[in-house]
Amino acid sequence: MGPITFDRLKVVSFTHSCVYLALLICAFVLSNPEPATFILGMSHGLLWIGMSLICIAAARERVIPYWLAVTVAVLGGLGPFAGTIGFVVHERRRRQATVSRLPSTAADGSQ
């Protein structure tokens, strides 16, 4: 297992969404206090660039699907929530695919 994993990307995506939410609150609710808005804005920008590059590499390594990498890279600059939602959706799809591959048993225990 390499350093790029789905779970690590998901954690960074959730962290990025929290930074972005804090930026929005600072900028719009708290009347743009400095240097907090600058620091959060810079953090958001750097996280987006880093996440974009890493997600593209992760898609090439088949760690995440291409649609998720594109979602993070294209929409992440405007709203990283889309990428975070994408990670949740993909995780649920993987879980459902795993469950559907399991042998089914009767509800009453008889086979």
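Only the coordinates and a few stated rules stand behind these numbers; no lab work does. Remember, it's a predicted structure, so these values are computed and weren't measured experimentally. Using ideal geometry, Cβ is built from the backbone for each residue, glycine included, and neighbour counts are taken over all protein chains shown.
Against the set [x] 52, 32, 26; [y] 67, 32, 21; [z] 38, 30, 27, the structure's computed Cα extents along the principal axes in Å falls on [y].
For a quick protection proxy, order the peptides 26-35, 52-61 by their average other-Cβ count within 10 Å, most packed first. Walk me through the intermediate numbers first.
Working: 26-35: 10.9, 52-61: 17.0.
Result, highest mean Cβ count within 10 Å first: 52-61, 26-35.
Under 8 Å for C-alpha pairs, at least 6 residues apart: give me the relative contact order for the chain, rounded to a whole percent. Intermediate results must be reported in sequence, preceding the final value.
On the way: 87 pairs, mean separation 28.7, N = 111.
Across the chain, relative contact order equals 26 percent.
Here the simple spin-label model places points 7 Å from the Cα toward Cβ, and for GLU34 and LEU46 these points are separated by 1.9 nm.
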